[in-house]
Amino acid sequence: MILSISWRNIWRNTTRSFVIITAVALGLAAGIFSLAVMNGLTEQKMRTAIENQTSHIQIHEEGFTANKDVKLFLKNADIIEQHLQSDKAVKAFSMRTVSTGMVASSKGSVGLQLNGINPESEKQVTYIWQNMREGDYLSEDSRKPILISSKTADKLEVKMKSKVVLTLQDVNGDIVGAAFRVSGIFQTTSTAFDKGNAFIKKEDLQKLLQTPNQVHEVAILLNDADEVPNELSQLKISLGEDYLIQSWKEVLPELSYLSDASMQTNFLFLAVILTALAFGILNTMLMSVFERIKEIGVLMAVGMNKLKVFNMIVIETILLSALGALVGMLIGIIIINWTAQHGINLSMFAEGLASYGVSDTIYPSLSVSFYIMLMIMVFVTALLSSIYPAVKALSLRPAEALQGINN
Amino acid sequence: MSVIEITNLQKIYNPKKIPVHALNGINLSIEEGEFTAIVGPSGSGKSTLLNMIGGLDEPTEGKVIINGVDISTLSGRQLIDFRLKNIGFVFQNYSLLPVLTARENVEFIMQLQGRKKLEYKQRAEQLLEEVGLAERMDNRPSHLSGGQQQRVAVARALASKPKFILADEPTANLDSHSTNELLEMMLKLNQEENMTFIFSTHDQRVIDKARRVVSIVDGKIEEDIFTSNTVDLKESHEN
């Protein structure tokens, strides 16, 4: 009966209830959508990093990641290769030779990371081959080809077929150099990545470094991204502790931090919205209680105990808030689903977004767990908002309340 | 047997600032089956006395003993429970829950008492039939006249099977036709079921029907008269 009374009480003043339900619904819908956009941006940034750069798991020799010392190549790389070939969790992997160096043209020079790759196996792991603006992806028929980004090409003022000179330190510490020809220009959605990376064939880099058949890095793509923690521990057991085996979160800790910080910021943002809504709900419920002082007095007089009066106000607040939240979530989900399918075109901010590492089309996204969390937050907000009006109702003394007197 | 025994009842509002003596030593005993009107001008203390009898307010001094229980000894929770079991209330402004139908308003009290569904459904119907609202059971108060609402309020007051009914100016907002109907119904309940009624009123029509009239002036009983009125329902109806 209390539930029924609470529900009917909501509809006593339809206009007022409609206003607060609309406020909660629109506030939450806008909040959810903003969070979905922010979440979509973060996910896109992480996906870009995984697809272009880190893959799911990387294996290095201990110490290599600290200063990219070319002497720290992977020992027994062939054993790792054999293991990965038979590992069913692994979708693809690429064994890279890596060095830092300088690429120079007659107009300028840039320092960057040189990635020696096997184009065929790299294609299975990263998606740079899909981001070619010009040329091809280190095709077999060109001699000493190099892939540079459009940013690097602009900086060096070179174009397709231009010659550039690579200078780097070989395994003996000697400075060595060689001329390469630009065979492809790529452009990913991450400016930072584009500015910092160039690709040549693995054999060419090995020859320059004087490390024949040696690799420094194995990038592994798994069939299921959720299997990263399991596979990580499996690999550590199988390959031993001599290698540094890291998930993408460990390879790019700033990205992992960004993901966590983004989630915390999202909840903070939501908490701010809910706090604002809480005052709206509180105001509505206070008005509702003050309007019903005599009625509450009657209820108390005829024998409704304080707990039931308290529950009636709390349930009323929760129902009112939950209605608003459900409508808000429904609106939010519809908008998010539509924009997730069609994308939000932000090409006018393309440059800024690229420097953040994402494309100019944003696909908002929110997980189911987020909605569950949101419902819990709304419930807690409603509960907190109801306490003051409910306590106010409890503080009424029947004899005075019957005359409409509120102390 | 006394249903209500009041001894030296005093109520002082704002005792520390500007004391207002609402009740000044009331002594009153009400027997089972009485039909008593407490009368007096506005501010005389009628409603305060009714609040004290109903356990809605605490006396400054004195005792209210209902069915042998000194209600000042009860805790807040016990008092609510005591009211629920022993006292039926009818208020001046009908005071039904506007979101509930007539039937639900009556059922509600029995639900608070924890009665079983079948029992409270049957009793609510029976009571509403008794007060002549069999046809309007599923109407909300806003679709009932003032007199009909007061009859629902009486049915609600009876629902808990109380020892007595306290009615605070029950006819104040009713026209003479509705007043007569309500009085007739309450007299019938008094006569047939020996239900004790205590009214606060300054409505002469109610006073005329009362078997006992207690006049209060300035918080003191000025007169306590047992009238020669007999509960003649026929006569009441004709009036």
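The values are calculated or read from the model by the stated rules, or taken from the named source; none is laboratory data. Nothing here was measured: the structure is a model prediction, and the numbers come from that model. With ideal geometry, Cβ positions are generated from the backbone for all residues, glycine too; neighbour counts draw on all protein chains shown.
Please enumerate the residues belonging to the range A:1-40 that are over 20 Å from A:LEU277 (Cα atoms), exposed (fewer than 15 other Cβ atoms within 10 Å of the Cβ) and of a type in the set (A, V, I, L, M). Scanning the range A:1-40 gives A:MET1, A:LEU3. I'd like the residue in the range A:291-349 that is under 28 Å from A:MET375 (Cα atoms) and polar (S, T, N, Q) and, out of all such residues, is nearest to the other protein chains (Cβ to nearest Cβ). Looking at the filtered set, the residue picked out is A:ASN311. The strands (runs of 3 or more DSSP E) found wholly in the range B:30-101 and carrying at least 3 residues that are away from chain A (no Cβ under 14 Å), over 22 Å from A:GLU400 (Cβ atoms) and in contact (Cβ under 8 Å) with a residue 24 or more places away in the chain occupy B:35-39.
Among the residues of this structure, A:ASN9 counts as one that is within 14 Å of another protein chain (Cβ to nearest Cβ), touching a residue at least 24 places away in the same chain (Cβ under 8 Å) and touching a helix residue (DSSP H, G or I) at 6+ places or on another chain (Cβ under 6 Å). Which of the residues that make up the range A:79-125 are within 27 Å of the chain's Cα centre (by Cα), closer than 14 Å to A:VAL218 by Cα, in a strand (DSSP E or B) and polar (S, T, N, Q)? Passing the criteria: A:SER94, A:ASN115.
Quick one: would you say A:HIS56 is outside the structural domain of A:GLU203 (by TED's automatic domain parsing) and at pLDDT 90 or above? In short, yes. Within the range B:110-140, the set of residues being within 11 Å of another protein chain (Cβ to nearest Cβ) and part of a helix (DSSP H, G or I) comprises B:MET110, B:GLN111, B:LEU112, B:LYS117, B:TYR120. Assessment of the range A:193-213 against the conditions (under 23 Å from A:GLN44 (Cα atoms) and either free of Cβ contacts under 8 Å to residues at least 40 places away in the same chain or surrounded by fewer than 19 Cβ atoms within 10 Å (Cβ to Cβ) (or both)) yields at least one matching residue. Can you find a residue in the range B:167-182 that is within 14 Å of chain A (Cβ to nearest Cβ) and either in contact with an Asp or Glu (Cβ under 6 Å, 6 or more places away or on another chain) or in a helix (DSSP H, G or I) (or both)? No, the conditions are met nowhere in the range B:167-182.
Counting only residues that are among the polar types (S, T, N, Q) and surrounded by 14 or more Cβ atoms within 10 Å (Cβ to Cβ), which one in the range B:2-26 is modelled with the lowest pLDDT?
Going residue by residue through the range B:2-26, those that are among the polar types (S, T, N, Q) are B:2, B:7-8, B:10, B:14, B:24.
In the following step, the residues that additionally are surrounded by 14 or more Cβ atoms within 10 Å (Cβ to Cβ) were identified as B:2, B:7, B:10, B:24.
Numbers: B:SER2: 85, B:THR7: 94, B:GLN10: 93, B:ASN24: 92.
Within the range B:2-26, the match that is modelled with the lowest pLDDT is B:SER2.
Scanning the range A:78-102 for residues that are surrounded by fewer than 18 Cβ atoms within 10 Å (Cβ to Cβ), within 21 Å of A:GLN206 (Cα to Cα) and hydrophobic (A, V, I, L, M, F, W, C) turns up A:ILE79, A:MET102. Might you let me know whether the range A:49-68 holds any residue that is outside any helix (DSSP H, G or I) and out of contact with any strand residue (DSSP E or B) (no Cβ under 6 Å at 6 or more places or on another chain)? Yes, the range A:49-68 has at least one match.
Tell me, please, whether a residue that is of a type outside the set (A, V, I, L, M, F, W, C), part of a helix (DSSP H, G or I) and within 14 Å of chain B (Cβ to nearest Cβ) can be found in the range A:12-25. Looking through the range A:12-25, at least one residue is of a type outside the set (A, V, I, L, M, F, W, C), part of a helix (DSSP H, G or I) and within 14 Å of chain B (Cβ to nearest Cβ).
Reported count of residues in the range A:239-251, each being over 15 Å from A:GLN44 (Cα atoms), out of contact with any Asp or Glu (no Cβ under 8 Å at 6 or more places or on another chain) and at pLDDT 85 or above, is 6. Taken over the range A:180-192, the residue count meeting the criterion of being surrounded by 22 or more Cβ atoms within 10 Å (Cβ to Cβ) and either touching a Cys at 6+ places or on another chain (Cβ under 7 Å) or modelled with pLDDT under 90 (or both) is 3.
Sort through A:LYS155, A:LYS159 and tell me the only one that's over 20 Å from A:HIS56 (Cα atoms) and loosely packed, with under 15 Cβ neighbours inside 10 Å. Give the steps one after another, and end with the answer.
On the way: A:LYS155 fails: loosely packed, with under 15 Cβ neighbours inside 10 Å.
Exactly one residue qualifies, and that residue is A:LYS159.
Which condition breaks for A:SER288 when tested against (1) outside any helix (DSSP H, G or I); (2) more than 23 Å from B:MET110 (Cβ to Cβ); (3) within 14 Å of chain B (Cβ to nearest Cβ)? That leaves (1) as the condition not met. Applying the set (1) farther than 22 Å from A:PRO229 by Cβ; (2) modelled with pLDDT under 90; (3) of a type outside the set (D, E, K, R) to A:ALA25 leaves exactly one unmet item: (2). Being in a helix (DSSP H, G or I), in contact with a helix residue (DSSP H, G or I) (Cβ under 9 Å, 6 or more places away or on another chain) and at the interface with chain A (Cβ under 9 Å from one of its Cβ atoms): is that true of B:GLU107 here? Criteria met by B:GLU107. In the range B:63-82 there is no residue that is within 30 Å of B:SER178 (Cα to Cα) and touching a Pro at 6+ places or on another chain (Cβ under 8 Å). Can you say whether A:PHE379 is at pLDDT 90 or above, among the aromatic types (Phe, Trp, Tyr) and in contact with a helix residue (DSSP H, G or I) (Cβ under 9 Å, 6 or more places away or on another chain), as far as the supplied structure shows? When the stated conditions are applied, A:PHE379 passes them. Of the residues making up the range B:149-173, just one is surrounded by fewer than 22 Cβ atoms within 10 Å (Cβ to Cβ) and out of contact with any strand residue (DSSP E or B) (no Cβ under 9 Å at 6 or more places or on another chain), namely B:ASN173.
Residue-by-condition table, conditions (1) charged (D, E, K, R); (2) assigned to a helix (DSSP H, G or I):
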{"site": "A:GLU134", "(1), (2)": "yes, no"}
{"site": "A:VAL164", "(1), (2)": "no, no"}
{"site": "A:VAL171", "(1), (2)": "no, no"}
{"site": "A:GLY177", "(1), (2)": "no, no"}
{"site": "A:PHE193", "(1), (2)": "no, yes"}
{"site": "A:ILE200", "(1), (2)": "no, no"}
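Taken residue by residue, the range A:113-121 has at least one member that is among the acidic types (Asp, Glu) and exposed (fewer than 15 other Cβ atoms within 10 Å of the Cβ). The residues listed here are A:LYS107, A:LYS155, A:LYS123, A:LYS151; of these, the one that is without any contact (Cβ under 8 Å) to a residue 40 or more places away in the chain, within 20 Å of A:ASP194 (Cα to Cα) and among the charged types (D, E, K, R) is A:LYS123. Considering every residue within the range B:64-76, establish whether at least one is among the charged types (D, E, K, R) and out of contact with any strand residue (DSSP E or B) (no Cβ under 6 Å at 6 or more places or on another chain). Taking every residue of the range B:64-76 in turn, none turns out to be among the charged types (D, E, K, R) and out of contact with any strand residue (DSSP E or B) (no Cβ under 6 Å at 6 or more places or on another chain).
Remark: B:ALA155 matches the filter, which requires a residue to be at pLDDT 90 or above and of a type outside the set (Val, Ile, Thr). Count of the range A:382-397 residues, restricted to those that are in contact with a Lys or Arg (Cβ under 9 Å, 6 or more places away or on another chain) and either within 14 Å of chain B (Cβ to nearest Cβ) or modelled with pLDDT of 95 or more (or both), is 1.
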